[in-house]
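What follows is a set of notes on a single structure, which appears directly below.
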Amino acid sequence: MKKKLMIVISIILLVAIAIGGAYVIDMNRMQNNKPVVFSTWGNQYVPPVNDYPLRNEEQSFVGKVLEETTTYMIVEPANDEYERTVAEKIKIEYGTDHIDYLYGTGRMVVIYYKGKINTDDGKMSSIKTDDISVEGFRDWKMKVVPSNELVTKKIYDKAQPHDSDSESYWYRQYNLYYHGLEDVIITVDGEQHSLAHALKRGKITMSAILAKANRDVADGVIQDLRYKDGGSAVFKYPDYTIVKYHTLDGNDDMYIGTPDIDIHVKDK
């Protein structure tokens, strides 16, 4: 019995020594502003960005424009972005003067950058880059979820004044409708979102979807139909069809629906 007790005590001591050693190592690394090995041990500590292995690779995040001039903007990274753990506000320094162009306060943009986020001067964190997208992330995929009912439902009203998610409604480029679909799913930035959510969060825009459709036509991936009503177009994919009106009477609505819809979908 005494021998077993000594073994148990020895094991406990070894575990305590191991934990103590790990604690000392991590506390020392935090004091020297280095990434921890085991844990932060309850401390509020974020390792410096320049210690991350991806520091030389292109990185990107969604942010809301809070303030801007022609030489810089200040953005608030989205809550689900890593950059938000580094700073609640980041100054984006262009390195050039945009002179006549402003992105728009309240708008969501995607910032592409390389290197580290500068947090060394004790002031606002900053990034030097002029690679900013107003059309969401460049790489994304779209799929549709068919509905049991062939009905049309309005997803966005470009003139709707009430929405707590945005003050400027910048993402309401056109009236958006689904026909015969339960939902449209966007895979972007390593995650899946409903299109409605992705649009609000700045991860994609309606014009980005149309731009891709036009590229697919140019590359011979799909065929389109063009109409002499002002420029309306129908883009036919195997699983869905996109109809974008551009009529002389001012109709610029966008429809995403089942493969069989055509230019007359607005009348269904």
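So the values come out like this:
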item: Interchain or long-range residues, amide H under 5 Å from residue 155's placed H; result: 176, 177, 178
item: Difference of contour (0.36 nm per residue) and Cα-Cα distance, residue 82 to residue 237; result: 52.3 nm
item: Candidate aspartates and glutamates - alpha carbon under 12 Å from residue 203, same-chain residues fewer than 8 apart omitted; result: 80, 81, 135, 139, 189, 191
item: Global geometry of the range 140-267, whether rounded, prolate or oblate, following the gyration tensor of its Cα atoms and the 1.5 cut on a/c; result: rounded
item: Reachable lysines, given that their alpha-carbon falls under 28 Å from the alpha-carbon of residue 268 and they are not under 8 places away in the same chain; result: 141, 143, 153, 154, 158, 200, 212, 228, 236, 244
item: Estimated FRET transfer efficiency (residue 197, residue 228; beta-carbon r; R0 30 Å; 0.05); result: 0.25
item: The range 49-133: radius of gyration and largest Cα-Cα distance (Dmax), Å; result: 12.1, 37
item: Per-residue ³J(HN,Hα) for the range 133-149, Karplus 6.51 cos²θ - 1.76 cosθ + 1.60, θ = phi - 60°, Hz, x for Gly and Pro; result: 9, 9, 10, x, 5, 6, 9, 6, 9, 10, 9, 10, 10, x, 9, 7, 10
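Every number here is computed from the coordinates shown, using simple stated rules; none is lab data. Predicted model only: the values in this text are computed from it and were never measured. So basically every Cβ, Gly included, is an ideal-geometry build from the backbone, and we count neighbours across all protein chains shown.
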